[in-house]
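Derivation of every value follows stated rules applied to the coordinates shown; laboratory data play no part. Worth saying up front: this structure is predicted, and the values here are computed from it rather than measured. Cβ coordinates were reconstructed from backbone atoms using ideal geometry, including for glycine residues, and neighbour counts include every protein chain displayed.
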Amino acid sequence: MRGWEPRRLAGSAGAELLRAAAPGGELPGPASVVIDSRRLSPGALFVGLPGRHEDGGAHAPAALAAGAWGVLVRPEQAAAALAAPGAGAVLTHPDPLLALQLLARAWREQLVAGGTRVIAVTGSTGKTSTKDILAALLAGRLRVSASPENLNTEIGLPLAILAAPSATQMLVLEMAMRGPGQIAELTELAQPEVGVIVNVGPAHLELLGSLENIAAAKAELIAGLAAGRTIVLPAHEPLLDPHLREELETITFGAGGDVQLLERLGSGEVLIEDRGREIRLRPSFHEAHQLTNLLAAVAVAGALGHTPSGPLEVAFSAMRGQRTLLADGVVMIEDCYNANPMSMRAALDELAATSSGRPVAVLGDMLELGPDSERLHREIGAHARSRGVELLIAVGPRAKAIAAGFGGDAQSAADAPAAAELLPGLLRSGDTVLLKASRGVGLERVSAALRSAGPLAGALGGQG
């Protein structure tokens with residue numbers, strides 16, 4: 001947005017411009033947009049969003065003093081911003097979040113006018129990894145910008161759009177939801193050319209009540225696509241059938257779909273069929289669930305007219321299955337960014353398939369599962385037992401049901417700090433240990449404890 005001078009930016013955001021001048025003339029456009037003053041770099045536009053515990057607008061004077069290009073705050077915060085050191089622009093809007101979204105909408109329109117194509121990815125699990133795979137798949141051919149980290153909400157998505165450089169050819173956006181209407185809001189903002197629903201699973205059951213309601217919430221992406229555009233869906237997913245639209249091109253992926261895995265070849269190569277065409281890829285990962293995510297990415301690439309081939313190196317986002325070799329040959333699989341019954345099963349299946357020693361699972365609470373939470377946790381324990389897990393550590397109050405369902409060598413820890421203290425003394429040389437739980441459990445504390453328990457033997461790389 002470097003080319004957007006203050007008046008244009010204010011108009012795009014529906015904001016009032018109170019100060020635009022800088023010493024020696026008008027300011028050039030901002031280098032970036034941030035909402036956290038701690039991440040501010042000189043030349044950034046700081047948007048002060050009111051929060052539950054703190055009002056970001058209160059940090060606007062400090063942002064200007066630190067060299068911000070300008071600040072966007074509520075009108076009642078303008079006087080303090082104008083009085084602050086620094087010569088940055090000052091803009092006001094009664095609703096800074098709405099202004100941020102309007103600004104992102106305007107930037108997206110300019111990107112698309114310049115030839116950028118927009119892709120939106122959602123799903124109950126695996127959407128971040130699918131975004132990572134898709135970005136890597138296209139990056140060798142095009143200038144790709146993708147949602148950084150997990151900027152996938154009504155706040156994060158605008159920031160992801162605004163972070164895209166003007167020369168972007170493909171913009172890959174991740175969309176998250178916790179209730180009805182949220183995917184519709186994000187779809188209206190992103191206006192994607194291609195939408196992807198990776199899967200439908202029991203995430204946020206507590207809020208949505210049933211798998212049918214979850215599917216309907218995800219299907220807001222289908223409803224929001226313009227006629228003639230493309231939706232990529234898992235093959236044979238009856239929960240999405242009521243939401244299909246004839247005016248969209250529908251491409252399915254997975255066994256029996258338009259894009260499917262034909263064969264795993266030697267040297268890590270895979271043979272994929274994409275609507276009659278055979279594609280050979282050599283991905284840097286091998287997990288079954290990630291190969292399914294790869295099929296979704298290949299379907300998107302094909303819809304956009306690209307046929308990928310050859311090596312595919314993917315740097316997965318943090319805590320999405322990265323493997324690290326620790327002291328005494330212990331392999332740690334850090335997959336603790338989030339969890340639901342679908343992703344728990346996939347992670348346990350991968351643990352069973354790849355353990356070089358004793359399979360150990362540290363499984364924590366799965367949050368927001370509603371009245372069936374205890375049953376779903378018990379079923380995960382039973383699945384862990386059936387997949388050959390030899391030692392299970394259940395972390396958190398809900399995870400006690402995982403231990404009960406496991407019925408074997410299981411121990412419980414009240415929380416992540418307790419598990420971090422307990423686990424190092426239970427591991428044996430050569431164990432493979434999986435860490436998996438909902439984000440609120442904080443199992444990264446356990447991974448930190450394992451790393452500090454002894455000298456590292458070396459990193460094995462991310463398997464996201």
Open item on the list: Using only DSSP helix segments of four residues or longer, with each worth -39500 (n - 2.57), what per-residue ellipticity at 222 nm results for the chain after dividing by its residue count and rounding to 500?
Closed with: -9500 deg cm²/dmol
- [ ] Based on other C-beta atoms within 10 Å, arrange L98, L151 from fewest to most.
- [x] L98, L151
TODO: Normalise the Cα radius of gyration of the stretch 15-169 by 2.2 N^0.38 Å (N = residues in it) and let me know the number.
DONE: 1.12
TODO: Among (1) 23.7; (2) 22.6; (3) 24.3, find the value of Kirkwood radius over Cα pairs in Å that was calculated from the structure presented, and write down its label.
DONE: (1)
Task: Residue order, fewest to most beta carbons within 10 Å, for L17, L186 - done: L17, L186
Open item on the list: Can you tell me the mean projection area, over all orientations, of the convex hull of the stretch 114-312's alpha carbons? Units nm², please.
Closed with: 10.5 nm²
TODO: Kindly work out what percent of the DSSP beta bridges joining two residues of the chain are antiparallel, to the nearest 5.
DONE: 30 percent
- [ ] Report the far tail of the P(r) of the stretch 6-95, meaning the percent of Cα-Cα pairs longer than 23 Å.
- [x] 10 percent
Task: Global geometry of the stretch 292-404, whether rounded, prolate or oblate, following the gyration tensor of its Cα atoms and the 1.5 cut on a/c - done: oblate
Task: For the stretch 370-431 versus the stretch 312-366, the gap between their alpha-carbon centres in whole angstrom - done: 14 Å
Task: Simple Cβ-charge dipole of the stretch 206-257, Lys/Arg +1 and Asp/Glu -1, about Cα centre, in debye nearest 20 - done: 120 debye
Task: Relative contact order [Cα under 8 Å, 6+ residues apart], the chain, whole percent - done: 11 percent
Task: Estimated distance in nm for a label pair at A404 and L82, the labels positioned 7 Å out from Cα along Cα-to-Cβ - done: 6.3 nm
Task: Cross-link partners of K400 among aspartates and glutamates (Cα-Cα below 15 Å; sequence separation of 8 or more within a chain) - done: D365, D372, E374, E379, D409, D415
Task: Ascending count of other beta-carbon atoms within 10 Å, so fewest first, for R398, R277 - done: R277, R398
- [ ] Please report how far the C-alpha centroid of the stretch 107-123 lies from that of the stretch 56-70, rounded to the nearest whole angstrom.
- [x] 30 Å
TODO: Under 29 Å Cα to Cα from K218, which lysines show up? Leave out anything in the same chain fewer than 8 places away.
DONE: K127, K131, K436
Task: Residue-span extension gain [R439 to A65] - 0.36 nm each, minus C-alpha spacing - done: 131.1 nm
Task: Two-site label geometry, A255 and D55: point separation in nm, points 7 Å out along Cα→Cβ - done: 5.7 nm
